[in-house]
1. Among (1) out of contact with any Pro (no Cβ under 9 Å at 6 or more places or on another chain); (2) more than 13 Å from chain C (Cβ to nearest Cβ), there is one condition A:Asn120 misses while meeting the rest; what is its number?
2. Could you go through the stretch A:165-180 and let me know if any residue there is free of Cβ contacts under 8 Å to residues at least 24 places away in the same chain, in a helix (DSSP H, G or I) and farther than 30 Å from A:Leu333 by Cα.
3. For residues in the stretch A:139-153 being at the interface with another protein chain (Cβ under 7 Å from one of its Cβ atoms) and either in contact with a Ser or Thr (Cβ under 6 Å, 6 or more places away or on another chain) or assigned to a helix (DSSP H, G or I) (or both), which is surrounded by the fewest Cβ atoms within 10 Å (Cβ to Cβ)?
4. Considering every residue within the stretch A:266-282, establish whether at least one is over 30 Å from C:Ile29 (Cβ atoms), at pLDDT 95 or above and of a type in the set (A, V, I, L, M, F, W, C).
5. Could you list, in sequence order, all residues of the stretch A:210-236 that are closer than 18 Å to A:Ile297 by Cβ, of a type outside the set (A, V, I, L, M, F, W, C) and in contact with a helix residue (DSSP H, G or I) (Cβ under 9 Å, 6 or more places away or on another chain)?
6. For residues in the stretch A:69-84 being in contact with an Asp or Glu (Cβ under 9 Å, 6 or more places away or on another chain) and surrounded by fewer than 24 Cβ atoms within 10 Å (Cβ to Cβ), which is farthest from B:Thr154 (Cα to Cα)?
7. Among the residues of the stretch C:19-55, write down those that are part of a loop (DSSP other than H, G, I, E, B) and touching a strand residue (DSSP E or B) at 6+ places or on another chain (Cβ under 7 Å).
8. A:Ile230 - would you say it is touching a Gly at 6+ places or on another chain (Cβ under 8 Å) and farther than 30 Å from B:Asp120 by Cα?
Amino acid sequence: MDHFEGINFSEMWTGIDAAPGYLKPVVKIATGGTTGSSLAICGYHNIASGIYDKVLVVGWEKLNEGGATTGIITAFDPVWERPSLAGALGPLALMAGMYSAKYGITPEQAAKVTVKNRSNAANNPFAHLQMPDITIDYVMSSQVISYPLRLHDCCPQSEGACALIYANEKEAKKITDTPAWFHAVETAHYYTFGTDDKMYDLPTATIASKKAYKRAGIKNPLRDLDVAEIYEPTSWSELSWTEALGFCKPGEGGKLLDEGITQMSGELPVNPSGGVLSTNPIGATALVRVAEAAIQIMDRGGKRQVPDVEKALAMGFGGSLWTEVMILGNEPLR
Amino acid sequence: MKKLSKRRKSNEEIFEIKWKTDLPYRYSIGKLAVKFFEELKEHRKIMGSKCKKCGKVHFPPRAVCADCLVKMTVDDMVELPPKGTLEGFTVVNYPFTDPSTGGIRPFPYGYGLFKLDGADTYTMHFVNETDVTKMKIGQRVEAVFNDKLIGDFTADIPYFNIIKEEK
Amino acid sequence: MSKNHVAVVGMGQTKFRSKRRDVNIPEMIYEAVDMALKDAKLEPGDIDAILIGNF
């Protein structure tokens, strides 16, 4: 993982042989944490343009062969940001602290997100951290690694790959009876310096989701969506960003969880796969959100299947606070 | 603390070769950043850039206002006081390799998000405090300058102190 | 959105772990790609274009 291979190894086009890329058009995408969702969206563009009929989209990461925090630091400005930046967790800690102070959110409230997601992960055979017996005490007894983030408020570092095959309408019908159709794909980028604006409420998530909802004909996300796979690098992020995505009012992310709305049995289950808190191979992570949303639409979720899924949301997050939102449905959007 | 992860196989033979890579490189910082460091080094001044169209004051100074797509020059730079207000804080308390030194960055260290007075953008930098109970959003912070200034952001302004200020 | 509808029709995921020292990068990618092609009952030659990425 020297400096996230494929940036320094770009001449080698690592992994292309296995992709299988020989003599085919291949584009490499590297957009930080949003890599997986940028891959998903560019795959959509490739087919929606009418140029290609069937596209393969692959996200992968070998995160533990180098220092993830060290590599992430090198993705930022060498003069102004790198000397003090503590990888991804430093800014996420700042965001969690500001969110906590603004709305009075407690560490116990955040711990409930880890408990939900890592116990959900026990139903997902692919997930990295599967913890059916996890408790709030387990999370709260872990060390504070960057106030207010405890170790178990944070996502793991995982290794693995995710591959999706897309097809246009004509080809899709030959391949499967249950395609998962894209209804909307939206991206919102931010300033080069993520700290230009107060970032804790993730304005890019609000902007991308509003545009996606409009395209997909979603008037009330809580009511109109059946499941959401959101990108939550920390437990606090899920509380805050369910608000940014419009599932509830600002400050009420915890209430949404406490009332059971985002639990598996609730009105809008969030992260039945276990989310990023359970599995984080960065280049694949956001693509796994799309894969899991598609799994829900295709009724292939097994123990983690939410009943009667017609519309699903998938989210990617990364870089200097970019967000990508994708909506999928069980019928083409007409 | 109960470990809830899988057992690792410990009797595998590992084939391993060690090697090291040095990657020297140059990095262009732009005309406004050069002016920033000249003013810092020679006059202990902190400079930002002000968009001539929307009036937004940026720190760090940059040549393009992202909101207006207007280009700024050295003449658009304004002085900012070395004081600001803390908007967010944390104490980083885990080991990681610092890519600029190759060694573990000393921890714990205080890290804050604050706006310099007069700036419209926020900035992150070291804060000289490692006890979170002594940090609070809204505290005033002040830049601490090194005695010798060489034209390097963190060497010349190693951290911000939390200060008590009479209103 | 485009008049051309696009759907996910096949997928593969590796079992995510902390360390995959048993595979190099192409081997790891192959696992997911092979799974996806088998899932969609397609051959490598059926794929028109590839998008690939890591951090």
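The values are calculated or read from the model by the stated rules, or taken from the named source; none is laboratory data. Values in this document were obtained by computation on a predicted structure and should not be read as measured data. All Cβ positions, glycine included, derive from the backbone under ideal geometry; neighbour counts span all protein chains shown.
1. Evaluating A:Asn120 over (1) out of contact with any Pro (no Cβ under 9 Å at 6 or more places or on another chain); (2) more than 13 Å from chain C (Cβ to nearest Cβ) leaves (1) as the failure.
2. No, the stretch A:165-180 has no match at all.
3. Of everything passing the filter in the stretch A:139-153, A:Tyr147 is surrounded by the fewest Cβ atoms within 10 Å (Cβ to Cβ).
4. yes
5. Of everything in the stretch A:210-236, those that are closer than 18 Å to A:Ile297 by Cβ, of a type outside the set (A, V, I, L, M, F, W, C) and in contact with a helix residue (DSSP H, G or I) (Cβ under 9 Å, 6 or more places away or on another chain) turn out to be A:Tyr213, A:Gly217, A:Pro221, A:Asp224, A:Asp226, A:Glu229.
6. Here the answer is A:Gly71.
7. C:Lys19, C:Arg20, C:Leu42, C:Ile47, C:Asp48, C:Asn54, C:Phe55 - these are the residues of the stretch C:19-55 that are part of a loop (DSSP other than H, G, I, E, B) and touching a strand residue (DSSP E or B) at 6+ places or on another chain (Cβ under 7 Å).
8. In short, yes.
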